[in-house]
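So the structure is just underneath, and the comments pick up after that.
Readers should treat all values here as calculations from the given coordinates under stated rules, not as data from a laboratory. A quick note: this is a predicted structure, and the numbers were derived from the prediction, not measured. Cβ placement follows ideal geometry from the backbone for every residue including glycine, while neighbour counts extend to all protein chains displayed.
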Amino acid sequence: MKRRNVQQAFTGEPDPSQEGIEAALHGQDAIELEIRGGRLLTTVDHTTPDDAVLERHGYLSGELLLEDGRRLSFEIQDGAVGAQWSVTEREQEHFVGLSAIDTPGGV
């Protein structure tokens, strides 16, 4: 896992060395987790070539196996504002597949 202070990433933003340690205690950190595996599911028109499946906007769901063994599952509906996601522990597995496309409530 890599952790970075968002404020320090932008040139011209207040610098904790100039603003004091109190400034560094507030704000957000960007967290980068390594992905160990996973899968994606998307829907496209049946005439879409394989090399263009991620260029079309449709239903998208996925499951990412994180570096600590937990699974992050997500679902994005075409035209949606935002997405649904959840994290489960190592021994649990929940993947949103085609059978869930028309299920109210999603994940």
Assuming R0 = 41 Å, what is the FRET efficiency of Val6 and Gln77, from their Cβ-Cβ distance, to the nearest 0.05?
0.90
Give the peptides 40-50, 67-77 in descending order of average Cβ contacts within 10 Å, highest first.
67-77, 40-50
